[in-house]
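Written below as structure tokens is the structure these notes are about.
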Amino acid sequence: MTQYYYLQYQFELKEPVIITSGSQIGNILQTREHIPGTTILGACAGLYLRDKEAMGEDGKYSDEFYDLFLSEKTVFSPAYPLVRQKYKTFPMPLSVFGCKHYGKNSPDEKQHGFSDYLCREVPDRCLVPDCGSPLEHKRGYAYEHRDIGYCNVDVEKRIISHKKVSDEPDDKRLFSFETLAEGQGFYGEIAFSSEERRDTVFNLLAENRRLKLGRARNRGYGLVAFSSPRKKSVSLRKEMGRDIQISKKGIFLIYFFSDVILSDRTLNYCSCLNEEQLVFWMGLESAQGLKVYCEPRNGYKSFWKNELFSGFNQKRGMPLPSETAISRGSVFTVSYSGHEDIVPKLQTLEDTGLGLRRNEGFGQVVINHPIHLMNQEEL
């Protein structure tokens, strides 16, 4: 079993931040609602290269640089929003539905709220008396408040317009950036295979509290201020989860804390989680007794959606191939009736993740997230 050493961090946006997804509506360049692990990896690698060399005398990458930034020995998790600088959010599960018109729940504004329906039938209408509004999937992020239970929150964004000074036609001179608004807080963590590697990045972040992230960094965007990083022995996902166990009916749930990129034996991308993938990533002997409920059956179901990821190689000036991912917030119901003791394997799966590009924060999961047991005692 792989042992990780964790480093948790928080930062505040001092300027608007643009984390582009490559998508654009008209002349508006859109931003993501979180900070991908890839962005944090690149920022830390930039700090490293200010003081140290990536290459050794033999022309190869040094062991330290390779372990930190080019291998799965170090995992840079995505950074998600902080509420009031203390409540850690997570992507809203796709199994959560709430009132279309009054589906808010927060300390400042308690409305009709929302509920998780992974283990229950989804009602046709809001169950609050005298409402009857249709239900919809609640987007954004969720967090657990100590007094009122689970709350939902949306990331604050704003659109900033610019005008080019050029000879281009008038319809191309005006363009806009969708940005993450300044003043918001985010949190994340980095997992290391050794304490020595953790100490290296700890010192980098402790000595460089103000960094630039995202696009247009030379034009008044991207400044963030880090607080003191903290060394931890367990992951954030373990802190927000519960003891891993299988129900008496052999049921367990896999919630995707981050986007997951899966491929089959022929290297084709998978649009959902299946038994073959679980057998491989859990290290099971066979798929006997294993069932992923991608299609509703016997009252069990799953919720997921897909997303295309693209990128751009600045050095070569060429776009990167698009990759199909299963979106964060997806959740799958799984049953197991085989002879193996899979609880330790599920613990390893939660620690190491599954799929491709795990060092960039893809593939992170939580087993039996407590939000799926809202208003019920067991699966």
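Each value in this text was obtained by applying a stated rule to the coordinates, not by laboratory testing. In this text, all values refer to a predicted model and were calculated from it rather than measured experimentally. Don't worry about glycine lacking a Cβ; one is built from the backbone with ideal geometry, like all the others, and counts go over all protein chains shown.
Under 5 Å between amide H atoms, partner at least 5 residues away or on a different chain: which partners does T31 have, H built in plane at 1.01 Å?
Excluding prolines and chain starts, which carry no amide H, the hits are E178.
Please report, in cubic angstrom per residue, the volume enclosed by the convex hull of the alpha-carbon atoms of the range 241-373. Don't skip to the end; give the middle numbers.
Values: hull volume 15.6 nm³, N = 133.
Looking at the range 241-373, the number lands at 117 Å³ per residue.
Over the chain, with a Gaussian network built from C-alpha contacts below 10 Å, which listed residue (C272, C151, C131) shows the highest mean-square fluctuation?
Of the options given, C131 has the highest mean-square fluctuation.
Please give me the summed charge of the neighbours of Y66: other residues whose Cβ is under 12 Å from its Cβ, Lys and Arg +1, Asp and Glu -1.
On the way: positive: K60, K73, R197; negative: D63, E64, D67, E72.
It works out to a net charge of -1.
Within straight cross-link reach of K301, meaning Cα distance under 21 Å, which lysines are found once same-chain residues fewer than 8 apart are removed?
K138, K248, K249, K291
Do any trypsin sites (Lys or Arg not before Pro) in the range 28-65 lie in a loop, going by DSSP, with at most 12 other beta-carbon atoms within 10 Å of their beta carbon, and if so which? If you can, show how the numbers build up before the last one.
Details: sites: R32, R50, K52, K60; in loops: R32, K52, K60.
Hits after loop and neighbour filter: K52, K60.
Using the count of nearby Cβ atoms within 10 Å as a rough guide to exposure, how do M374, M55 rank from fewest to most?
On the way: M374 18, M55 10.
Ascending Cβ contact count within 10 Å gives the list M55, M374.
Mind checking which aspartates and glutamates have their C-alpha under 13 Å from K231, skipping anything on the same chain fewer than 8 residues away?
Reachable aspartates and glutamates: E189, E195, E196, D199.
Work out the length of the dipole vector of the chain about its Cα centre, built from +1 on the beta-carbon of each Lys and Arg and -1 on the beta-carbon of each Asp and Glu, and round it to the nearest 20 debye.
Working: 50 positive and 50 negative charges, 177 e Å.
So the magnitude is around 860 debye.
Name the lysines eligible as straight-distance cross-link partners of K238: C-alpha to C-alpha under 20 Å, and not fewer than 8 places from it in the same chain.
K73, K86, K88, K345
Could you state the number of Å between the C-alpha centres of the range 244-294 and the range 321-374?
7
Roughly what % of DSSP beta bridges within the chain run antiparallel, to the nearest 5? Walk me through the numbers before you get to the answer.
Values: 75 of 77 bridges.
Bridges in the chain are about 95 percent antiparallel.
Any chance you could list the semi-axes, whole Å, largest first, of the equivalent ellipsoid that the Cα gyration tensor gives for the range 1-113, using √(5λ)?
Numbers: eigenvalues 273, 71, 39 Å².
Output for the range 1-113: semi-axes of 37, 19, 14 Å.
Which Cys in the chain stand alone, with every other cysteine's Cβ at 4.7 Å or more from theirs?
Cysteines of the chain left without a disulfide-compatible partner: C44, C119, C151, C270, C272, C294.
Before anything else, pin down the relative contact order of the chain: Cα pairs under 8 Å, at least 6 apart, normalised by residue count, whole percent.
Details: 810 pairs, mean separation 94.3, N = 379.
RCO, the chain: 25 percent.
Determine, at each q value in 0.16, 0.22, 0.28 (inverse angstroms), the log₁₀ of I(q)/I(0) that the Debye formula gives when each Cα of the range 319-379 is one equal point scatterer.
-0.70, -1.10, -1.33
Answer with one residue from Y102, G241, F309: the one whose Cα lies farthest towards the positive end of the charge dipole of the chain, charges on Cβ with Lys, Arg +1 and Asp, Glu -1.
Ranked along the dipole, the leading option is Y102.
Please get the size of the charge dipole for the range 5-127, origin at its Cα centre, with Cβ charges of +1 on Lys and Arg and -1 on Asp and Glu, quoted in debye to the nearest 20.
Working: 14 positive and 16 negative charges, 151 e Å.
Value, rounded to 20: 720 debye.
Contact order normalised by length for the range 63-162, with contacts defined as Cα pairs under 8 Å and 6 or more residues apart; what percent is it? All intermediate terms of the calculation are to be shown ahead of the outcome.
Values: 140 pairs, mean separation 25.7, N = 100.
After rounding, I find 26 percent.
How large is Rg/Rh for the range 89-148, to two decimals, with Cα atoms and a Kirkwood Rh? Display every interim value, and only then the final one.
Numbers: Rg = 11.3 Å, Rh = 11.9 Å.
Rounded to two decimals, Rg over Rh is 0.95.
Taking only Cα atoms and a 10 Å spring cutoff, compute GNM fluctuations for the chain and point out the largest among Q111, Q364, Q30.
Maximum among the listed residues: Q111.
What residues qualify as long-range amide H neighbours of L82, i.e. H under 5 Å apart, gap of 5 or more or another chain, H built at 1.01 Å from N?
G185, F186, Y187
Tell me, what is the percent relative contact order of the range 252-344, built from C-alpha pairs under 8 Å that lie six or more residues apart? Don't skip to the end; give the middle numbers.
On the way: 159 pairs, mean separation 36.6, N = 93.
Relative contact order of the range 252-344: 39 percent.
So what's the chain giving for Rg/Rh, alpha carbon basis, Kirkwood Rh from the mean inverse pair distance? Could you put the intermediate results ahead of the total?
Details: Rg = 21.8 Å, Rh = 22.4 Å.
So for the chain, dividing Rg by the Kirkwood Rh gives 0.97.
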